[in-house]
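Trainee: Sharing a structure here in structure tokens format.
What follows draws every value from the coordinates through simple rules; no lab data is involved. No experiment lies behind these values; they were computed from the predicted model shown. All Cβ positions, glycine included, derive from the backbone under ideal geometry; neighbour counts span all protein chains shown.
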Amino acid sequence: MSNTYIKPEERKTILFIGDDLRAPSGVGVMSRAIVYRTAEHFNWVQIGVLTRHDRMDIVDMSDAVNQEMGYKDAKVYIIPDLIHDHQYSCIENVRAAIRIYKPAAIVFFTDPRYYEWIFKHEIELRQYCPLIYLNIWDNLPYPLWNVPFYQACDGLLAISKQTHNINIQLVQDEIDRKVLKYVPHGIENTYYPMSPDAPQITDFKKEIFGDEDPGFILLFNARNMGRKNITDLILGWKLFTDSIPFGDANKCCLLLHCAPSDWNGTDLMAVWKDNCDTDRCRIKFVEGNIPFEKMNAMYNLSDGVILPSYAEGWGLSITEAMMTGKMFIATVTGGMQDQMRFEDENGQWINFSQDFPSNHCGKYTKHGSWCIPIWPQVGHVTGSPKTPYIYEDYVKTQDIAKAIKELYDLGPGERRRRGLAGYEWATSDEAGFTAAMMGERMVEGIDETIAKFVPQPNYRLSEVKDNDLSKINENIIWVN
């Protein structure tokens, strides 16, 4: 029984909206960890979104949660739902859930564009309970169009330090009336370092490679989509293998756990075969969803993990790398900066502010030994009508190759030593990138928001005035 245990009849019920906690997506996996790790403190009702459901009956997950976590009286229910015009659920479903379950708070999670329907009805919903948004934003400049969304929430729980600073800067006028906390992603203990000769590793390596035994394996584990920069990764891998003797190069393998072709990305097989000597530049694809125990083995059989994204709110695969004692290579952008543990002039893990909202230009270069940062060379501004501007942090293909060569040259012993240093830090109180710590932070954030909440009137008078934040982005030209 945890020290946050509350009897079921005395617990507050939380309505949670996001990917179904049974889904294999990043949001689904984190939703599962949040609910499972706090189910002795809250009763949970999730409006769970998947692309399809076999049945639309309410799912009682209580026994499954109790059995897996060793609880005795967790109460967890999922209301299956469908994506509604590229948004999570709809206001009618939330109204029905409020009537039936009488939640003490509504928690929702992921990109704000999926929740415009909630923000439009915030006055109605906040008459009953607070709105708590577990939120992330990939990059600068400060997204001023998000200000009304943030203002509509009573609690802003930020996944990255960069997002936490964005929240602070954009709700300055209401900061005393809100709860703002840093709640980074946490990984379950299904991921852990293993002995290199563990049977699970040996068996899964044979399943992937057959009788071959690559001497150096670099893992990419993410979706085949544009912002993950996989094309540049493949060409960077080519440059790396071209830089070492053929006899060494064909003992190296880039392991891509993603679909070879995806409309959100590209045809990676064509990129590889049309641009590389496939005997020298070896790549292996692993497709489909893999059980957690095999995912743990896949990380453990690798010599390192790479994620060269040009935009990344957090970067879950490099957290999983640390939790399995593996070094990683990643772009200095978004939430991946947190996981590199850059130090300021006082030796402290950096925090961001209005004057220092990002480290992507390298103000601070000292970092944890478990990572090899790739510094962006170009800050390209893109946008859309709903998100008019946002930086994309692009790295050079040559710098990807140099980072891979640096990892390769360390050798297995040094890579393991540094990877385990990353594991020690990720599981420490300072970082706390564990599911247990994420659960504790969620409990603190939700409880504090509920305690601070004042029900809103059924109307609001607003004075029309110039946006006081209109100058906040004046000096953010790919921040130096």
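Trainee: How do the peptides 382-390, 29-37, 213-221, 167-175 rank, highest first, by the average count of neighbouring beta carbon atoms within 10 Å per residue?
Mentor: 29-37, 213-221, 167-175, 382-390
Trainee: Restricting the count to DSSP beta bridges whose residues both fall in the chain, what percent are antiparallel, rounded to a multiple of 5?
Mentor: 15 percent
Trainee: What does the convex hull of the Cα atoms of the chain come to per residue, in Å³, rounded to a whole number?
Mentor: It is 155 Å³ per residue.
Trainee: Sticking with this one: If the rule is a partner Cβ under 4.7 Å, which cysteines in the chain fail it?
Mentor: Singleton cysteines: C90, C129, C153, C252, C253, C258, C361, C371.
Trainee: How high is the FRET efficiency from D57 to H380, r the C-beta distance, R0 51 Å, rounded to 0.05?
Mentor: Here the calculated transfer efficiency is 0.60.
Trainee: Please identify every one of the GluC sites (Glu not before Pro) in segment 415-453 that sits in a loop by DSSP and has no more than 15 other beta carbons within 10 Å of its own beta carbon.
Mentor: Qualifying residues, ordered by number: E430.
Trainee: Among 305-318, 223-236, how do they line up from the highest to the lowest mean number of other beta-carbon atoms within 10 Å? Write down the numbers at each step before the final one.
Mentor: Details: 305-318: 24.9, 223-236: 21.1.
Going by the mean number of other Cβ atoms within 10 Å, highest first, we get 305-318, 223-236.
Trainee: Going through the cross-link list K238/K284; K206/K294; K181/K452; K12/K161, which pairs have a Cα-Cα distance over 19 Å in this structure?
Mentor: Check vs 19 Å cut-off fails for K12/K161.
Trainee: Percent relative contact order of segment 199-426, based on C-alpha pairs within less than 8 angstrom and at least six residues apart?
Mentor: 21 percent
Trainee: Within segment 262-306, name every residue whose backbone N is under 13 Å away from a label modeled 7 Å from Cα of R223 along the Cβ vector.
Mentor: Taking a point 7 Å out along Cα→Cβ of R223, the residues of segment 262-306 whose backbone N falls under 13 Å are 262-266.
Trainee: Related question: Could you check the spin-label model distance between S195 and K294? Points 7 Å from the Cα along Cα→Cβ, value in nm.
Mentor: Here the answer is 2.4 nm between the modelled labels.
Trainee: Ok, one more. In segment 202-299, what % of DSSP beta bridges are antiparallel (nearest 5)?
Mentor: Roughly 10 percent of the DSSP beta bridges within segment 202-299 come out antiparallel.
Trainee: Mean residue ellipticity at 222 nm from the helices of the chain, using -39,500 (n - 2.57) per DSSP H segment of n ≥ 4 over the full residue count, to the nearest 500 deg cm²/dmol?
Mentor: It comes out at -10000 deg cm²/dmol, rounded to the nearest 500.
Trainee: Separate question: Describe numerically, in nm with one decimal, the distance between label points set 7 Å from Cα along Cα→Cβ at D211 and at E68.
Mentor: The modelled label-to-label distance comes out at 4.0 nm.
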